[in-house]
Every structure is written in structure tokens, then in C-alpha cells.
1. Give the residue, chosen from T45, T41, T16, that is over 30 Å from G152 (Cα atoms), open to solvent by less than 70 Å² (accessible area, probe 1.4 Å) and modelled with pLDDT of 95 or more.
2. Mind listing whichever residues of the stretch 139-164 are farther than 17 Å from T102 by Cα and surrounded by fewer than 15 Cβ atoms within 10 Å (Cβ to Cβ)?
3. Return the residue satisfying two criteria in turn: it lies in the stretch 185-200 and is among the small types (G, A, S) and farther than 30 Å from S72 by Cβ, and of such residues it is least open to solvent (accessible area, probe 1.4 Å).
4. What's the total number of residues in the stretch 91-136 that are in a strand (DSSP E or B), open to solvent by 80 Å² or more (accessible area, probe 1.4 Å) and modelled with pLDDT under 95?
5. Return yes when L182 is touching a Pro at 6+ places or on another chain (Cβ under 7 Å) and closer than 27 Å to S75 by Cα and no when it is not.
6. Could you tell me whether the stretch 165-174 includes any residue that is in contact with a Phe, Trp or Tyr (Cβ under 6 Å, 6 or more places away or on another chain), modelled with pLDDT of 95 or more, open to solvent by less than 30 Å² (accessible area, probe 1.4 Å) and closer than 30 Å to T117 by Cβ?
7. For the stretch 76-86, does any single residue satisfy the condition of being open to solvent by 30 Å² or more (accessible area, probe 1.4 Å) and free of Cβ contacts under 8 Å to residues at least 12 places away in the same chain?
Amino acid sequence: TDFGSVWKVTILSTNTSATSQFKFDQSGDWVSNWGAGSSGTKNSTLGTLSAGGGNLSFSEVKNTHYSFNMDSSHSQYALMETDTNPVTIAAVSDNHIKDPGTDPVTVTIQLSGSKTTQEEVWVRYTANGWASSLLTAKATGSSTNYSAVIAGQTAGTRVEYYVLTSAMPSNQIAGSPDLCTLKGKKNGAANYYYRAGGGN
């Protein structure tokens, strides 16, 4: 699932080159395109773009996957490198039924396969309708089974959350979570949610 109208593509590299180039193009005709004429930074910081800007360059490694994300305003991009195709989030559940209203809630996450060393799993949540949001400590686990904890909330508080994977550092994800997402999972079209202490 994609979030925030982010343009996304993941490719498998068939070449090794210290000076590979890329650019974002809307229709395959290079009429509407975005670049920066600079070096792209993998798995580290977001880059800036301008309409008609020059090609971006990066160090490419054969048989490695590269995910290119661009925001809907065509002003920023994320470049993420993973050893294999980004892992899919297969299932999500939580233990909120046991929550008396103030205890933390554990979110359990099942992945479709073992993640790469570059990927981390996160739960992004809100307790005030996304007026502000918090990113939990990254999920911990092994193989395909991970979990993360949402802090306890006052009884009656509606908590919404979704799960994402990313190869970007936590400060970049916190500032631009949609742009930094490799794979994400909601509860269908809506976020997962529960009300602390029970009820809808």
C-alpha cells in the first residue's frame, strides 16, 4: 500500500557502476521531468528536485534493489537500497482487547519473508486524529515475526496506526513518513484503530 500520493518504483539492478544516473519522468517522453544534477544519497537523507533539473547520480551494485520515491509536489525524493526486493507486510494484529485503558498495546507484525539488513519495521500512530503523530521505537523480532509497542493512553482515547518498512533513518521517517516508506499496511483503506479501555 502506498501512502500520501508518493510516486514509487523499485528496480533490480543488472549493472555495477559508481556513476549510474537517474531522473523522474512523468510520461516517458521527458517533457515533464524532475532532477537535481547532483549525487543521490542512499538510505540516509531526502534529496531535493526541480523541474527539468539535471540527472542525479548514485553508486549502483548489480543484483541489488533500488527504490525511487518522489513526493506528489515533485520537490523531494528518497533513494533506498536493499539487498533483495523489499519485504511485504503480510499481517497485523494487536492486543488492545486486554488493554484496561492505560497499559501499552503491543502490535504484532508478520512479514512475508525475512527482511534485509537495510529494512526496519515501524508502527506510526496517533492519539489525536493526526494533529500530531508519534513513531514507535522500531519493531523488534526475527525471521518474519516482529512487534512494536504503542504507549498507553487515557481511557476513551481513539488510537489509529499503520505499519511501514523503510531503509531510511528514524529522523527522516519522522519528518516524511510517506516518502520514506518501502512497504506499508493499513486495515484495508483505513488505518487500524482501537479505543483505549474498549468500545468503538
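1. Being over 30 Å from G152 (Cα atoms), open to solvent by less than 70 Å² (accessible area, probe 1.4 Å) and modelled with pLDDT of 95 or more holds for just one of T45, T41, T16, which is T45.
2. Once the filter is applied, which keeps residues that are farther than 17 Å from T102 by Cα and surrounded by fewer than 15 Cβ atoms within 10 Å (Cβ to Cβ), the stretch 139-164 yields T140, S142, S143, N145.
3. Step by step, filter the stretch 185-200, then rank; the result is A196.
4. Going through the stretch 91-136 one residue at a time, the tally reaches 1.
5. yes
6. No; the residues of the stretch 165-174 include none that is in contact with a Phe, Trp or Tyr (Cβ under 6 Å, 6 or more places away or on another chain), modelled with pLDDT of 95 or more, open to solvent by less than 30 Å² (accessible area, probe 1.4 Å) and closer than 30 Å to T117 by Cβ.
7. No; the residues of the stretch 76-86 include none that is open to solvent by 30 Å² or more (accessible area, probe 1.4 Å) and free of Cβ contacts under 8 Å to residues at least 12 places away in the same chain.
A quick yes/no check of all residues on (1) in contact (Cβ under 8 Å) with a residue 24 or more places away in the chain; (2) not basic (K, R):
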position	(1), (2)
S132	no, yes
K138	yes, no
S143	yes, yes
A155	yes, yes
V159	yes, yes
N171	no, yes
S176	yes, yes
G184	yes, yes
G188	no, yes
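The values are calculated or read from the model by the stated rules, or taken from the named source; none is laboratory data. These figures come from a predicted structure and were not determined experimentally. Because the Cβ atoms are built from the backbone with ideal geometry, glycine has one as well, and the counts that use them run over all protein chains shown. Just so you know, the surface numbers come from the protein's heavy atoms only, side chains and all, with ligands and any DNA or RNA stripped out. Shrake-Rupley method; radii C 1.70, N 1.55, O 1.52, S 1.80 Å.
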